[in-house]
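Peer 1: Have a look at the structure that comes next, please.
The values are calculated or read from the model by the stated rules, or taken from the named source; none is laboratory data. Note that the structure is a prediction, hence the values are computed from the model and not measured. Ideal geometry is used to build each Cβ from the backbone, glycine not excepted, and the neighbour counts take in all protein chains shown. These accessible areas exclude ligands, DNA and RNA; they are computed on the full protein's heavy atoms, side chains included. Shrake-Rupley method; radii C 1.70, N 1.55, O 1.52, S 1.80 Å.
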Amino acid sequence: MYAEVAVNRPLKQVFTYHVPLDLTGPGELAPGHLVEVAFGTATFSGIVTHIHNIAPDFQTKPILKRLDPEPVLTPAQLGLGWWLSERTLTPIGLCLWAMLPPGLSADRATRYTLLDHDDPGNTPGQQRVLGLLKKRGPLTNRQLERALPRTDWQAAVKQLVDRQVVSKMEVLVRPAAKPKLVRTARLAIEPEEIHDVIDDLQKRPKSSDIYAVILEFLASKMDAVEVGVVYEETGAKQNHLKRLADEGLVILGEEEIWRDPLEGRIFNPDTPPMLTPAQESVREAISAHMTAVNGDHPPKPSVFLLHGVTGSGKTEIYLRAVELALVQGRQAIILVPEIALTAQTIQRFAARFQEQVSIVHSKLNPGERFDVWRRARTGDVKIIVGARSALFAPLPDVGLIILDEGHDDSYKQDAEFSPPHYHAREVAIELMRQNHGTVILGSATPDVTTMFRAEQGEFIYLHLPDRVLAHRAAVEEQVQALKLQSPHYYETEVKEAVSLELPPVQIVDMRHELKAGNRSIFSRALQSALHQTLSAQQQAILFLNRRGTATFVMCRDCGYIAKCPRCDTPLTYHAPQEALRCHHCGYHGANPKTCPQCGSTRIKHFGTGTEQLDRLIQAEFPQARVIRWDKDTASEKGAHERILSQFIHREADILVGTQMIAKGLDLPLVTLVGIISADTGLGLPDYRAGERTFQLLTQVAGRAGRSLLGGRVILQTYQPENYAIQAAANHDFMTFYRQELEYRRALDYPPYKRLARLLFTDRSEANVQEEADSVAHMLRHHRTKYDFSATEIIGPTPCFFTKHNYLFRWQVLIRSTDPVEFLRGVEFKTTTIVDIDPTDLL
């Protein structure tokens with residue numbers, strides 16, 4: 001018997017191994033199993049993709065061992081992996097490994113060993129590496145990364161290896177993820193025997209009452225108890241339990257426990273509300289389709305585009321669809337674009353479905369992700385909520401995938417991440433095609449390509465045009481709680497529900513503010529609105545899509561600008577740490593007091609980020625309580641939930657944040673949204689700059705006016721006439737969509753043509769340009785040879801961000817009706833990044 005095995009390397013084919021006798025029995029080895037194989041002179045983890053009895057015409061090696069008794073990938077996931085490999089032109093092994101949780105399989109690492117103990121090192125970097133190797137012995141690349149963070153240790157090691165001062169070897173690192181075991185204690189005697197045993201113990205010399213307390217506590221429990229709990233509840237120590245165990249009164253053991261990321265959280269059950277007529281119509285359409293999909297002849301298409309204005313009740317539609325999937329005996333995956341959104345999403349779904357829900361995102365530790373993955377594999381959890389990677393949860397029979405905020409670019413694994421460079425939307429659609437399931441793409445601002453596909457009949461279009469506030473009982477409670485005289489709402493056709501108008505948006509031309517002598521970051525309209533909001537004891541959101549205190553630092557004498565040595569982009573000043581940081585690669589350095597170029601002390605900080613906005617608010621409105629929500633304040637585990645909880649419970653009056661506050665958050669006491677600068681992304685050289693601006697502004701504006709208090713939005717801009725800003729201010733998606741579509745048609749951009757991006761990187765600018773030139777020339781020859789006359793080769797050109805983490809960046813674009821077909825069979829270096837349907841070209 002033979003097995004085809006994919007290894008986690010950038011190799012396009014699978015490899016044939018023969019199956020040893022001990023793995024040939026029924027169920028011993030199947031597609032999806034994780035195995036260990038010899039590969040070249042090293043040992044690798046591999047995933048079995050096929051089992052067969054066809055002997056190859058070459059000598060094969062045996063599979064060395066099976067690493068997990070159960071397959072780590074389902075048949076559906078294996079099929080999806082092959083599709084993903086074809087769709088993204090990514091080696092199959094990399095596609096399959098993308099579906100596994102971190103730490104599941106033994107991984108490759110490079111181990112460095114010191115050969116010449118007398119070599120002093122030629123550079124400071126070499127000296128640091130040599131010092132570590134002398135002190136600690138052989139180290140892997142991961143250990144060096146942890147020991148020398150934010151340094152270019154890789155270059156130093158390469159130089160030492162080239163000089164034969166250090167040797168390197170590929171090694172297999174043991175899996176990091178494994179079940180968690182805890183020590184337990186349980187009673188070894190019958191509960192009715194306890195009193196006699198306690199009497200006997202108390203008659204002994206030097207007896208202690210603690211033994212009676214322990215026995216009585218364990219007798220009150222039906223099952224084994226963690227010894228940590230015994231210690232905490234009784235005051236016992238290890239020696240007390242050991243003595244009772246030695247006398248046969250207590251059994252000490254070990255028990256496997258789940259690491260549940262939602263452990264300790266309480267979700268109060270909710271009752272499904274009555275739907276509005278529009279919601280009911282949407283629910284019926286989705287339910288009819290899901291019922292038909294679950295039958296013998298599933299209909300097509302299986303994808304719904306749910307276009308609903310902000311606050312229109314899309315989440316309740318999701319909940320009803322998940323409920324139907326569970327009734328059908330299937331499972332569901334709910335994707336959100338930002339980790340920041342998982343807190344509210346989990347709250348809504350766990351309130352409805354309780355312990356059937358779990359969560360997956362990058363802030364979970366490896367043990368938690370491993371256990372969620374195992375519980376999904378056994379079907380112990382039925383609903384997974386999470387970011388992009390949650391799509392690969394190994395649920396036995398996924399029948400529904402929901403992408404909330406389905407327009408968001410975060411759903412694309414772009415070129416800055418490891419391959420495969422997939423879009424979660426396309427993977428979800430394919431997975432549900434294979435598994436006869438349903439996809440719901442929900443958004444208040446669908447992306448142009450998705451909307452176009454719906455108009456072409458590829459997706460089913462559903463619309464929720466009204467903002468739903470609540471139902472009559474809840475509304476009346478809110479009127480009384482807020483002591484309102486004239487609430488800003490109107491009744492829908494169903495008397496049980498109440499709807500709100502979308503908040504009015506006031507555009508402020510900041511050029512006029514300057515002419516009027518106002519040089520503050522706050523327009524006069526925004527200042528007045530903030531005063532009114534604070535006086536009324538209501539809440540406000542101020543949005544600025546830039547972090548830090550100042551966006552760049554410049555010498556006013558010679559024009560020097562502090563730039564990242566790795567990326568050649570301006571460094572952002574962060575006042576709390578008195579440091580300069582690169583938001584691309586993470587580099588940080590000291591804030592200069594004098595110019596390193598001319599020695600001048602006339603150093604000035606320009607631009608404003610969220611840190612500075614926070615300070616300016618506190619200076620202008622000292623009575624306001626301000627909380628900031630951006631990547632800097634929400635980097636720790638649980639930070640998103642903490643900040644959201646503080647704001648919901650009115651521990652702050654003003655929330656300052658970046659784009660992570662723009663999507664999906666339901667904050668009913670927010671009556672004012674101030675957009676500090678609407679122009680931030682408009683000037684970028686990317687064909688989707690206008691679309692991103694429209695989406696972001698519309699989403700931010702949608703945070704206002706979600707209660708009977710009403711709301712308003714003040715949008716500050718230097719380009720008030722821009723079509724994206726005008727459409728966002730009017731909440732007018734269709735006008736923006738039609739105008740953007742004409743722009744795309746004129747320039748042959750998606751959805752009329754598709755793009756592929758080839759990204760080249762190298763430490764040498766000359767080398768990367770030479771490689772890009774060579775590939776562009778080869779592709780033009782390929783186009784002519786195979787008559788791809790409708791395909792355009794654009795470039796090569798330097799990327800907008802020309803350097804990242806020491807690497808220079810060039811790109812070649814392919815514009816074609818089918819770039820995958822054009823590129824299929826073309827060989828590139830393993831360092832070339834192939835990104836099909838890129839979401840940005842920067």
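Peer 1: Could you list, in sequence order, all residues of region 71-87 that are open to solvent by 90 Å² or more (accessible area, probe 1.4 Å) and over 16 Å from Ala424 (Cα atoms)?
Peer 2: Pro75 - this is the single residue of region 71-87 that is open to solvent by 90 Å² or more (accessible area, probe 1.4 Å) and over 16 Å from Ala424 (Cα atoms).
Peer 1: A further question on this structure: Tell me, please, whether a residue that is in contact with a helix residue (DSSP H, G or I) (Cβ under 9 Å, 6 or more places away or on another chain), more than 28 Å from Met451 (Cβ to Cβ) and modelled with pLDDT of 85 or more can be found in region 287-309.
Peer 2: Checked against the condition, which is being in contact with a helix residue (DSSP H, G or I) (Cβ under 9 Å, 6 or more places away or on another chain), more than 28 Å from Met451 (Cβ to Cβ) and modelled with pLDDT of 85 or more, region 287-309 yields no hits at all.
Peer 1: Also, quick follow-up: I'd like to check something: does region 752-760 contain any residue that is farther than 26 Å from Thr817 by Cα, in contact (Cβ under 8 Å) with a residue 60 or more places away in the chain and either touching a Cys at 6+ places or on another chain (Cβ under 9 Å) or open to solvent by 40 Å² or more (accessible area, probe 1.4 Å) (or both)? Please lay out each step first, then the result.
Peer 2: Residues of region 752-760 farther than 26 Å from Thr817 by Cα: none.
Looking through region 752-760, none of the residues is farther than 26 Å from Thr817 by Cα, in contact (Cβ under 8 Å) with a residue 60 or more places away in the chain and either touching a Cys at 6+ places or on another chain (Cβ under 9 Å) or open to solvent by 40 Å² or more (accessible area, probe 1.4 Å) (or both).
Peer 1: If I ask for residues that are farther than 26 Å from Cys564 by Cβ and of a type outside the set (Val, Ile, Thr), which ones from region 122-142 would you list? Explain how you work it out, then say what you get.
Peer 2: As a first pass, look at region 122-142 and keep what is farther than 26 Å from Cys564 by Cβ: 130-131, 133-140.
Within region 122-142, Leu130, Gly131, Leu133, Lys134, Lys135, Arg136, Gly137, Pro138, Leu139 qualify.
Peer 1: Could you tell me whether Gly674 is touching a Phe, Trp or Tyr at 6+ places or on another chain (Cβ under 8 Å), at pLDDT 90 or above and closer than 14 Å to Ala529 by Cα?
Peer 2: Numbers: touching a Phe, Trp or Tyr at 6+ places or on another chain (Cβ under 8 Å): yes; at pLDDT 90 or above: yes; closer than 14 Å to Ala529 by Cα: yes.
Yes.
Peer 1: Let me ask something else about it. Those residues that are out of contact with any Ser or Thr (no Cβ under 7 Å at 6 or more places or on another chain) and not acidic (Asp, Glu), I need them from region 765-774; list them, please.
Peer 2: Filtering region 765-774 for residues out of contact with any Ser or Thr (no Cβ under 7 Å at 6 or more places or on another chain) gives 765-767, 769-774.
Hits for region 765-774 are Ala766, Asn767, Gln769, Ala772, Ser774.
Peer 1: Here's a follow-up. Mind listing whichever residues of region 721-751 are open to solvent by less than 20 Å² (accessible area, probe 1.4 Å) and of a type outside the set (D, E, K, R)?
Peer 2: Restricting attention to region 721-751, the residues satisfying the condition of being open to solvent by less than 20 Å² (accessible area, probe 1.4 Å) are 724-725, 727-729, 733, 736-737, 740-741, 744, 750.
Of everything in region 721-751, those that are open to solvent by less than 20 Å² (accessible area, probe 1.4 Å) and of a type outside the set (D, E, K, R) turn out to be Ala724, Ile725, Ala727, Ala728, Ala729, Phe733, Phe736, Tyr737, Leu741, Pro750.
Peer 1: Right, something else. Exactly one condition in (1) open to solvent by 50 Å² or more (accessible area, probe 1.4 Å); (2) at pLDDT 85 or above; (3) in a loop (DSSP other than H, G, I, E, B) is false for Phe522; which is it?
Peer 2: Checking Phe522 against (1) open to solvent by 50 Å² or more (accessible area, probe 1.4 Å); (2) at pLDDT 85 or above; (3) in a loop (DSSP other than H, G, I, E, B), the one that fails is (1).
Residues checked against (1) in contact (Cβ under 8 Å) with a residue 60 or more places away in the chain; (2) crowded, with 20+ Cβ neighbours inside 10 Å:
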| position | (1), (2) |
| --- | --- |
| Met1 | no, no |
| Thr16 | no, no |
| Phe44 | yes, yes |
| Ile47 | no, yes |
| His50 | no, no |
| Ile54 | no, no |
| Pro69 | no, no |
| Leu89 | yes, yes |
| Ala109 | yes, no |
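For (1) of a type in the set (Lys, Arg); (2) on the phi < 0 side of the Ramachandran plot; (3) open to solvent by less than 40 Å² (accessible area, probe 1.4 Å), each residue gets a yes or a no:
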residue	(1), (2), (3)
Phe353	no, yes, yes
Arg375	yes, yes, yes
Gly379	no, no, yes
Arg433	yes, yes, no
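Peer 1: Within region 694-701, can one find any residue that is out of contact with any Gly (no Cβ under 6 Å at 6 or more places or on another chain), in contact (Cβ under 8 Å) with a residue 24 or more places away in the chain, aromatic (Phe, Trp, Tyr) and open to solvent by 10 Å² or more (accessible area, probe 1.4 Å)? Explain how you work it out, then say what you get.
Peer 2: To start, the set of residues in region 694-701 that are out of contact with any Gly (no Cβ under 6 Å at 6 or more places or on another chain) comprises 694-701.
Checking the rest, the ones that are also in contact (Cβ under 8 Å) with a residue 24 or more places away in the chain come to 694-701.
Among the residues that remain, those that are also aromatic (Phe, Trp, Tyr) are: 694.
Filter once more, so that each one left must be open to solvent by 10 Å² or more (accessible area, probe 1.4 Å): none.
Within region 694-701, not a single residue is out of contact with any Gly (no Cβ under 6 Å at 6 or more places or on another chain), in contact (Cβ under 8 Å) with a residue 24 or more places away in the chain, aromatic (Phe, Trp, Tyr) and open to solvent by 10 Å² or more (accessible area, probe 1.4 Å).
Peer 1: Further, regarding this structure: Go over the candidates Val385, Val398, Val427 one by one and state the one that is within 15 Å of Ile836 (Cα to Cα), among the aliphatic types (A, V, I, L, M) and at pLDDT 90 or above. It would help to see each step written out before you state the result.
Peer 2: Values: Val385 fails: within 15 Å of Ile836 (Cα to Cα); Val398 fails: within 15 Å of Ile836 (Cα to Cα).
Being within 15 Å of Ile836 (Cα to Cα), among the aliphatic types (A, V, I, L, M) and at pLDDT 90 or above holds for just one of Val385, Val398, Val427, which is Val427.
Peer 1: Ok, one more. Just name the residue that is least open to solvent (accessible area, probe 1.4 Å) out of those in region 111-151 that are more than 10 Å from Val166 (Cα to Cα), outside any helix (DSSP H, G or I) and among the hydrophobic types (A, V, I, L, M, F, W, C).
Peer 2: Leu139
Peer 1: Could you look through region 317-351, keep only residues that are over 19 Å from Val398 (Cβ atoms) and open to solvent by 20 Å² or more (accessible area, probe 1.4 Å), and pick out the one that is modelled with the highest pLDDT?
Peer 2: Looking at the filtered set, the residue picked out is Arg348.
Peer 1: Could you tell me which numbered condition Ala689 fails, if it satisfies all but one of (1) touching a Gly at 6+ places or on another chain (Cβ under 6 Å); (2) surrounded by fewer than 22 Cβ atoms within 10 Å (Cβ to Cβ); (3) within 18 Å of Val309 (Cβ to Cβ)?
Peer 2: If we test Ala689 against (1) touching a Gly at 6+ places or on another chain (Cβ under 6 Å); (2) surrounded by fewer than 22 Cβ atoms within 10 Å (Cβ to Cβ); (3) within 18 Å of Val309 (Cβ to Cβ), just (3) comes out false.
Peer 1: Within region 152-167, can you find the residues that are open to solvent by 30 Å² or more (accessible area, probe 1.4 Å) and not in a helix (DSSP H, G or I)?
Peer 2: Across region 152-167, the qualifying residues are Asp152, Arg163, Gln164, Ser167.
Peer 1: Let me ask another. If you take the residues of region 349-367 that are without any contact (Cβ under 8 Å) to a residue 40 or more places away in the chain and closer than 17 Å to Lys382 by Cα, which of them is nearest to the chain's Cα centre (by Cα)?
Peer 2: Out of the qualifying residues, it is His361.
Peer 1: Taking into account only those residues within region 196-244 that are over 13 Å from Ala185 (Cα atoms) and in a loop (DSSP other than H, G, I, E, B), which is most open to solvent (accessible area, probe 1.4 Å)?
Peer 2: Lys206
Peer 1: Give the residue that is modelled with the highest pLDDT, with candidates limited to residues of region 249-258 that are open to solvent by 40 Å² or more (accessible area, probe 1.4 Å) and not β-branched (Val, Ile, Thr).
Peer 2: Among those that are open to solvent by 40 Å² or more (accessible area, probe 1.4 Å) and not β-branched (Val, Ile, Thr), it is Leu252.
Peer 1: While we're here: For region 606-632, name all the residues that are among the basic types (Lys, Arg) and either surrounded by 17 or more Cβ atoms within 10 Å (Cβ to Cβ) or at pLDDT 85 or above (or both). Walk me through how you get there before you give the answer.
Peer 2: Filtering region 606-632 for residues among the basic types (Lys, Arg) gives 615, 625, 628, 631.
Within region 606-632, Arg615, Arg625, Arg628 qualify.
Peer 1: Would you be able to tell me the number of residues in region 800-842 that are within 26 Å of Trp153 (Cα to Cα) and of a type outside the set (Phe, Trp, Tyr)? Write out each step before concluding.
Peer 2: The first filter runs over region 800-842 and keeps only residues within 26 Å of Trp153 (Cα to Cα), leaving 801-810, 829-833.
Checking the rest, the ones that are also of a type outside the set (Phe, Trp, Tyr) come to 802-805, 807, 809, 829-833.
Total satisfying the criteria: 11.
Peer 1: Tally up the residues in region 364-389 that are out of contact with any His (no Cβ under 7 Å at 6 or more places or on another chain) and either under 21 Å from Tyr422 (Cα atoms) or in a helix (DSSP H, G or I) (or both), please. Break it down into steps so the answer makes sense when it comes.
Peer 2: Filtering region 364-389 for residues out of contact with any His (no Cβ under 7 Å at 6 or more places or on another chain) gives 364-385, 388-389.
Retained after the next criterion (residues that are either under 21 Å from Tyr422 (Cα atoms) or in a helix (DSSP H, G or I) (or both)): 366-378, 384-385, 388-389.
Residues in region 364-389 being out of contact with any His (no Cβ under 7 Å at 6 or more places or on another chain) and either under 21 Å from Tyr422 (Cα atoms) or in a helix (DSSP H, G or I) (or both): 17 in total.
Peer 1: Which one is nearest to the chain's Cα centre (by Cα) among residues in region 645-666 that are farther than 21 Å from Gln618 by Cβ and not β-branched (Val, Ile, Thr)? Lay out the reasoning, then the answer.
Peer 2: At the first step, the residues of region 645-666 found to be farther than 21 Å from Gln618 by Cβ are 645, 648, 659-660, 662-666.
Next, only the ones that are not β-branched (Val, Ile, Thr) stay: 645, 659-660, 662-666.
Values: Ser645: 21, Gln659: 14, Met660: 12, Ala662: 16, Lys663: 14, Gly664: 15, Leu665: 16, Asp666: 20 Å.
Restricting to residues being farther than 21 Å from Gln618 by Cβ and not β-branched (Val, Ile, Thr), the top hit is Met660.
Peer 1: Select from region 18-42 the residues that are among the small types (Gly, Ala, Ser), without any contact (Cβ under 8 Å) to a residue 40 or more places away in the chain and part of a loop (DSSP other than H, G, I, E, B) and list them in ascending order. Break it down into steps so the answer makes sense when it comes.
Peer 2: Pass one, region 18-42, residues among the small types (Gly, Ala, Ser): 25, 27, 30, 32, 38, 40, 42.
This time we only want the ones that are without any contact (Cβ under 8 Å) to a residue 40 or more places away in the chain, so: 25, 27, 38, 40.
The answer is Gly25, Gly27, Gly40.
Peer 1: Also: Would you say Glu493 is modelled with pLDDT under 85, open to solvent by 40 Å² or more (accessible area, probe 1.4 Å) and not in a strand (DSSP E or B)? Before you say what the answer is, go through the steps one by one.
Peer 2: Values: modelled with pLDDT under 85: yes; open to solvent by 40 Å² or more (accessible area, probe 1.4 Å): yes; not in a strand (DSSP E or B): yes.
For Glu493, the condition - modelled with pLDDT under 85, open to solvent by 40 Å² or more (accessible area, probe 1.4 Å) and not in a strand (DSSP E or B) - is met.
Peer 1: Those residues that are in a helix (DSSP H, G or I) and closer than 30 Å to Gly308 by Cα, I need them from region 245-286; list them, please. Spell out how you get there, then give the answer.
Peer 2: First pass over region 245-286, keeping only residues in a helix (DSSP H, G or I): 245-246, 277-286.
Selection gives Pro277, Ala278, Gln279, Glu280, Ser281, Val282, Arg283, Glu284, Ala285, Ile286.
Peer 1: Just checking, how many residues over region 761-792 are within 30 Å of Asp568 (Cβ to Cβ) and polar (S, T, N, Q)?
Peer 2: Residues of region 761-792 within 30 Å of Asp568 (Cβ to Cβ): 761-780, 792.
With the extra rule that they be polar (S, T, N, Q), the set shrinks to 761, 764, 767, 769, 774.
Looking only at that region, the number is 5.
Peer 1: Applying the selection to region 784-833, what residues are on the phi < 0 side of the Ramachandran plot, assigned to a loop (DSSP other than H, G, I, E, B), surrounded by fewer than 19 Cβ atoms within 10 Å (Cβ to Cβ) and in contact with an Asp or Glu (Cβ under 9 Å, 6 or more places away or on another chain)?
Peer 2: Taking region 784-833 as the starting set, the residues that turn out to be on the phi < 0 side of the Ramachandran plot are 784-786, 788-794, 796-804, 807-824, 826-833.
Retained after the next criterion (residues that are assigned to a loop (DSSP other than H, G, I, E, B)): 786, 788-791, 817-818, 824, 826-832.
When the remaining residues are screened for being surrounded by fewer than 19 Cβ atoms within 10 Å (Cβ to Cβ), the result is 786, 789-790, 817-818, 824, 826-832.
If the condition is that a residue be on the phi < 0 side of the Ramachandran plot, assigned to a loop (DSSP other than H, G, I, E, B), surrounded by fewer than 19 Cβ atoms within 10 Å (Cβ to Cβ) and in contact with an Asp or Glu (Cβ under 9 Å, 6 or more places away or on another chain), then Arg824, Lys829, Thr831, Thr832 are the ones that fit.
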